[in-house]
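Just so it is clear, none of the values below were taken in a lab; they were calculated from the coordinates. Bear in mind the structure is a predicted one, so any value in this text is a computation, not a measurement. Note that each Cβ is placed from the backbone with ideal geometry, even for glycine, and that neighbours are counted across all protein chains shown.
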Amino acid sequence: MKSNFFWIVFLVSLAGSSNGFSQISLHVKPNEIRSTVSPQMWGIFFEDINFAADGGLYAELVKNGSFQFPLPFAGWKVNKPDFKDKVLVVNQAGVKNGNTRYVRITKSSDSSVYNIVNEGFRGIGLHKNAGYTFSIRVKTISGNLRMRVEVLRESGQSLARGDITSLKGGWANYDLALTASDPESKGILKIAFLGKGVVEIDHISLFPVNTYKNRPGGLRADLVAMLDSLKPGFVRFPGGCIVEGHTLASRYQWKKTVGPKQERELSINRWNMEFPRRAAPDYYQSFGLGFYEYFQLSEDLGAEPLPILNCGMACQFNSGEVAAVEDLGPYIQDALDLIEFANGAVQTKWGKLRADMGHPAPFNLKMIGVGNEQWDEQYFERYRKFEQALKAKYPDIQLVSSSGPSAQGNLFDYAWSQLRDSKAGFVDEHYYLPPAWFFANARRYDQYDRNRPKVFAGEYAAHDKEEVQPESRNTWQSALAEAAFMTGLERNADLVRMCSYAPLLAHVEAWQWRPDLIWFDNLRTMATPNYYVQKLFSTNRGSHVIPVTLQDSVVAGQDSIYASAVLDKNQNQVIVKLVNIARKAQKIEIRIDGLPPDKFQARGTVLSSSADLAFNRMNNPGVITPRETSYDIEGGVLASEFPARSVQVIVLQYGSIRR
Ligand code: AHR
């Protein structure tokens with residue numbers, strides 16, 4: 001009898017503790033709207049780092065096709081065993097600007113072998129049966145030279161081939177359509193000269209036909225598709241430290257990135273030698289992806305463009321070189337002219353250039369960043385000059401100002417003290433910190449002063465180390481930490497109006513910085529767990545913040561749970577984001593006010609892993625991927641078991657909520 005009683009008590013206690021799980025009760029209040037969520041809340045930060053532009057998003061497959069690198073044949077091999085055959089680099093510097101070099105080829109006999117070979121960006125990627133357009137600019141000086149163009153495997157196997165014959169006398173462009181017989185990620189391009197004679201060549205290029213929107217000379221379609229899936233609210237470009245340069249001479253100058261592509265002047269990429277352990281001496285900016293293309297991409301993605309401009313300061317981690325305050329005129333003029341380029345009438349100088357490039361309609365630029373990650377007095381005396389001039393001419397343009405490189409400390413506090421009463425619309429905060437900081441800082445913005453400029457969380461990423469290599473990785477733990485922190489961003493969407501993970505893109509063989517949101521090689525792309533977290537938030541952005549509480553407090557770490565909730569008035573949805581960082585599944589009840597008593601379902605998406613240091617790899621991209629699920633709701637309560645170390649988005653159609 002006694003033992004029966006024991007078993008009854010034990011079984012009842014198990015049932016009472018929900019099969020061994022403790023019960024957590026959250027309360028969502030759809031009728032208590034707290035603020036709007038900006039349509040620009042979740043955006044993307046693009047910087048040409050990790051071969052994100054040349055060798056990445058910009059789909060050009062030939063490296064140094066115009067011989068503009070400091071070493072004219074960087075990326076090329078010239079094979080001409082016969083000493084009578086010649087190669088000559090001609091430089092027109094002083095006679096013209098922009099692209100100043102071309103190459104003269106002299107082939108002395110029909111029988112000699114003469115070819116030049118390009119290595120591409122860590123190889124040339126070809127997709128089976130896909131079309132490619134080879135192009136070259138040629139002038140025949142004498143003789144009857146012809147060209148055989150081939151993409152080959154390193155083994156010598158030909159994958160695509162065509163000939164260019166009947167060359168004209170003067171400079172002319174020649175296109176050749178090629179089709180790849182097999183896939184290859186490490187191809188090389190060979191141009192063999194046949195016959196005898198002298199030609200001059202320039203602007204050698206190979207592009208996939210299937211670029212984004214099939215634009216000739218356009219962007220890699222698969223990478224843009226990854227960006228498009230995020231439905232970004234804004235695109236910040238072109239960085240990042242690349243805006244600043246090591247010295248002012250190597251700063252990013254937008255005017256050099258517009259106009260005819262072939263005439264854009266090459267510039268060193270500041271990530272070329274930044275980290276000696278990841279040196280990339282072949283990293284230059286061709287600006288095939290320039291400011292016009294950034295505006296166009298923003299428009300294509302339905303995102304607000306957010307250009308960041310140099311403010312007369314080179315990177316303070318490097319030279320810290322500045323333009324004297326009284327010499328800021330040209331820098332400020334660049335900013336004013338950019339607004340004219342983006343928005344000006346086609347009769348204006350810069351509006352006309354935009355129209356000539358193919359976009360007579362304005363790009364509708366609404367905001368501009370003054371400097372990237374600058375700090376201290378030297379920044380604010382320069383920022384104020386920009387603010388004065390920009391606001392005088394364009395009072396409606398929102399200015400983004402910097403708070404420096406750290407999330408707290410003297411320089412950070414000083415920055416905010418300077419900006420408190422400024423006309424800055426947004427203050428850009430950056431934090432690259434360990435996961436623990438993100439978990440601990442989910443309440444960061446709860447107490448921020450609301451009478452100051454809005455916050456732009458412009459660069460953030462949780463930096464986690466994998467076990468075997470002391471390098472930061474896109475681990476599951478880093479994504480989980482970002483998700484927990486992002487519930488705090490969302491809860492404070494009245495103040496934090498824009499957010500972007502950084503950096504965005506990285507080539508697996510050519511990176512300088514990690515972790516990064518999206519990885520790619522010459523043929524493939526790979527989403528990280530961090531990408532899936534960003535996507536869960538950005539594609540479930542909602543329109544209004546509503547409270548979600550645990551015992552009347554915001555949910556920011558109690559019982560290892562983080563949560564935020566929004567209403568989407570356009571889609572008629574209540575959306576709850578819930579992060580369980582416990583190492584066990586937790587049973588959680590979510591009471592949602594205003595629901596009818598009957599039983600129905602909500603849909604959801606789950607990301608989870610029990611391995612904190614797990615990450616996706618190019619050859620194994622499915623280690624951490626989202627999984628669709630559904631939840632039962634009855635009597636106004638959603639009760640479910642939420643897996644250990646998980647991020648969930650719960651979407652409930654609220655047609656049935658009493659309001
Ligand atoms: O995102 C990488 C770098 O981090 C950015 O270029 C810079 O702004 C920050 O220091």
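Points worth noting:
- Residue within the stretch 500-514 that is among the polar types (S, T, N, Q) and under 24 Å from P30 (Cα atoms) present: no
- Residue in the stretch 326-337 that is in a helix (DSSP H, G or I), surrounded by 17 or more Cβ atoms within 10 Å (Cβ to Cβ) and among the β-branched types (V, I, T) present: yes
Okay, residues lined up against (1) touching a residue at least 24 places away in the same chain (Cβ under 8 Å); (2) within 16 Å of the ligand (Cβ to nearest atom); (3) among the small types (G, A, S); (4) closer than 14 Å to S286 by Cα:
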position	(1), (2), (3), (4)
G43	yes, yes, yes, no
D48	yes, yes, no, yes
S66	yes, no, yes, yes
W76	yes, no, no, no
D82	yes, no, no, no
A93	no, no, yes, no
K96	no, no, no, no
Y114	yes, no, no, no
H127	yes, no, no, no
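- Members of the stretch 461-503 found to be within 16 Å of the ligand (Cβ to nearest atom), within 18 Å of G43 (Cβ to Cβ) and part of a strand (DSSP E or B), listed by number: A461, M498, C499, S500, Y501
A quick yes/no check of all residues on (1) part of a helix (DSSP H, G or I); (2) closer than 26 Å to G98 by Cβ; (3) within 15 Å of the ligand (Cβ to nearest atom):
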residue	(1), (2), (3)
L223	yes, no, no
M226	yes, no, no
P232	no, no, no
G239	no, yes, yes
I242	yes, yes, yes
Y252	no, yes, yes
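- All positions within the stretch 501-537 that are of a type outside the set (K, R) and out of contact with any Leu (no Cβ under 9 Å at 6 or more places or on another chain): H507, V508, E509, A510, W511, Q512, W513, P515, D521, M526
- Condition met for A639 (in a loop (DSSP other than H, G, I, E, B) and of a type outside the set (S, T, N, Q)): no
- In a residue-by-residue description of the stretch 547-560, the property of being aliphatic (A, V, I, L, M) and either within 19 Å of L652 (Cα to Cα) or surrounded by fewer than 17 Cβ atoms within 10 Å (Cβ to Cβ) (or both) applies to at least one position.
- The listed residue being small (G, A, S), within 15 Å of N79 (Cβ to Cβ) and not in a strand (DSSP E or B), out of S155, S112, S166: S112
- Candidate set: the stretch 266-294, residues that are farther than 15 Å from A53 by Cβ and away from the ligand (no atom under 14 Å from the Cβ); chosen: the one surrounded by the most Cβ atoms within 10 Å (Cβ to Cβ): M273
- Some residue of the stretch 591-603 being within 28 Å of the chain's Cα centre (by Cα), touching a residue at least 40 places away in the same chain (Cβ under 8 Å) and buried (at least 17 other Cβ atoms within 10 Å of the Cβ): no
- Filter result (touching a strand residue (DSSP E or B) at 6+ places or on another chain (Cβ under 8 Å) and either part of a loop (DSSP other than H, G, I, E, B) or hydrophobic (A, V, I, L, M, F, W, C) (or both)) within the stretch 255-282: L266, I268, N269, N272
- Residue within the stretch 286-306 that is in contact with a helix residue (DSSP H, G or I) (Cβ under 9 Å, 6 or more places away or on another chain), of a type in the set (S, T, N, Q) and assigned to a strand (DSSP E or B) present: no
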